Every structure is written in C-alpha cells, then in structure tokens.
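Everything on this sheet refers to the single structure shown next.
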Amino acid sequence: MKKILMVLVLVAGTMGTYAQTVEELKAEMKPKKDSVAAIQSRIKSIQSKIDAMPGWKIGAFGTIGATISEFNNWYSKGIPNSSAGNIGFTVNSYANLKQDKFFWRNAANINLSWVKIDDTDDPTDDDTFRQANDVFNITSLYGHRLNKKFAISTLGEYRTTILSNFNDPGYLDLGVGATWTPIDDLVVVVHPLNYNFVFSKGDNVFESSLGAKIVADYTRQLGDISFKTNLSAFQSYKSADFSNWTWTNSFGYTLWKMIGVGFDFGLRKNKQEALNYALNNQTLPDPTPTFDTVDNKLQTYWILGLNYSF
C-alpha cells in the first residue's frame, strides 16, 4: 500500500512539474514572439523605404507545370494502352527605373506549354509533343512626371506567338498620352493617340488602324506571395472589328526558400484572330465566315504548377 501511495505521489508530482514547465515555456516564448513581430515590422518599414527610393528595380517570377502518365491494359478508358505528358511554364519579369522627374518601366510575359498523347496500340498516331499555350508579350513605358501621380507618357507594346506562328499575326502598339500612378505598384495608361500595327503573312483579315490604348498593370510582392495582373486593350477608331483586349494574371506562393506553387490564367477577345481561325478551318460547303457572322468566342488559358521566384 505504501508503495502504491509513493508511486501516485511521484506521478502527481511529475505531472505537476510537467504542467508547470509547459506554462513557464509558454510564458517565456510569448515575449520572443512579440520581439520577432517587432523585428518583422521594422524590416517591412525599411523595405518600403528602399522601394520608394529612385533607381532600378529588377525582378522575375514564374511557374513550371509538368505531368506524365502511362496506362497499360486499362480497359475502362477508350485507349487502354497509352502514355501522356504535359509541360508548361510562364515567366514574368520586369526592369523599372524610377526617378524624381521621369520613369521607365519594362516588362515581359512568356507562357509556353506542350502536350502529347501516345496510343501505343496505334503505330500511326502522332506521339510527339505539340504546342498548347503560346503567349509572348513585351512592353516599354516611358513617362515624364507632371507630379507624383500623373505623367505624359509614350508606350510601346509587342505581342505575338513564338512556337509556330511567330509574327503571324504580330501586334505592335505605339502611342502617346497620359499615365496615372496612384501607388508604386499600380500603373494605368490612357493613350488616345495610338497606332496598332498588325503584321501577318499573305492576304488575310488582319488590318492595322489608329485608335486608343488602355493598359492597367498591378505587380506586388507581399511576403511569400507574389502576383501580377495586366489588362491591355485597344479600341480602334476605324472599326470595332479591329479592337482587342487581353487580361493576364499570375500568382505565386513560396513554400520553401524560392520554390512554391503558382497559378496563371489569361483571357482574350480578338475578332480578327477569330475570323482568321474560322477561315483557315472552314468546312465546305459552309458559307464563308465574315466579321458579321464569325463567333468571336472568349479565348482562355490557365496553368498550375511549381513556382520559382528570384
């Protein structure tokens, strides 16, 4: 009986000591957490001052996505013996010069991907990687400041595909107007005098025209989160059929060091591209598509995968 009581007393004492130790450790950890938060706050304050200083700011982040699969005798699917693969990547980079009297902002966006499906039971099928996404866009914006938020500016923007139809079509916008920068990370460009050069090979539906250019770009880094959204629109003065717009978005979240997960998606409306596609894929004897009859569907893409930023 005495032994049992001694064991119970010992266990109770041990539990009390353990509970006391945990509480003491928690109490000791609390001021350290407060200290870490204070240090992080000071670091953010210093970084914001650095970002506001004149000079070059250069950076980039991107997303890489890849999948591979193989099926053998999987009879529940239409092709029981097959292998498939998909690989894609996006890169968003910028080089911005900020001065008291002027700014010069440069950016590039590339989104490429390839896909293949190989039916191993069919020796005649195409088992090579084929182009899927194909986006290439570069911009350069120069502005002379009237004040901290407004500037007289000129913009050059070029966009095309580079895997199979480089510069066919290709779009080059050159224009002048005004730029609004309410905060460091947001740029809104309104150029009522802009010429949209359209490059293409042979006789087709593409035509250059004079119009207005509107661009809105927001790029931000918040701790481990980086994101960029860009809207580029052209409104033709000649015809609404020659107008177009593209909206691209990139998100990245760092999980370990500079590696994380990323998600990109884009939307586009371009009636000239829709008509050119319809003409090249027309099934006779259907009526020949025109600007009035073509179905100008919304163009979309998205990619999810690993993200790397630097």
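Each reported figure results from applying straightforward, stated rules to the coordinates on display, with no laboratory input. None of these values were measured; they are calculated from a predicted model. FYI the Cβ positions are ideal-geometry reconstructions off the backbone, even for glycines, and counts take in every protein chain you see.
A compact table of results
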| quantity | calculated |
| --- | --- |
| Out-of-range pairs (alpha-carbon distance over 21 Å; input K116/K201; K149/K238; K238/K271; K213/K269) | K116/K201; K149/K238 |
| Separation in nanometres of the label points that stand 7 Å from Cα toward Cβ, at F150 and A60 | 3.7 |
| Label point at F71 placed 7 Å out along Cα→Cβ; residues across the stretch 124-157 whose backbone nitrogen lies under 20 Å | 124-130 |
| Rounded FRET efficiency, nearest 0.05, which uses the C-beta distance separating D100 from D224 and R0 of 30 Å | 0.40 |
| Potential extension, T288-D126 segment - 0.36 nm per residue separation minus Cα distance | 55.3 nm |
| For the stretch 60-209, the fraction of alpha-carbon pairs in successive 10 Å shells from zero, as % | 10, 26, 24, 19, 11, 8, 2 |
| Radius 14 Å from Cβ of G170, net charge of other residues (Lys, Arg +1; Asp, Glu -1) | -4 |
| Ordering of 217-229, 244-256 by burial proxy (mean other Cβ atoms within 10 Å per residue, highest first) | 244-256, 217-229 |
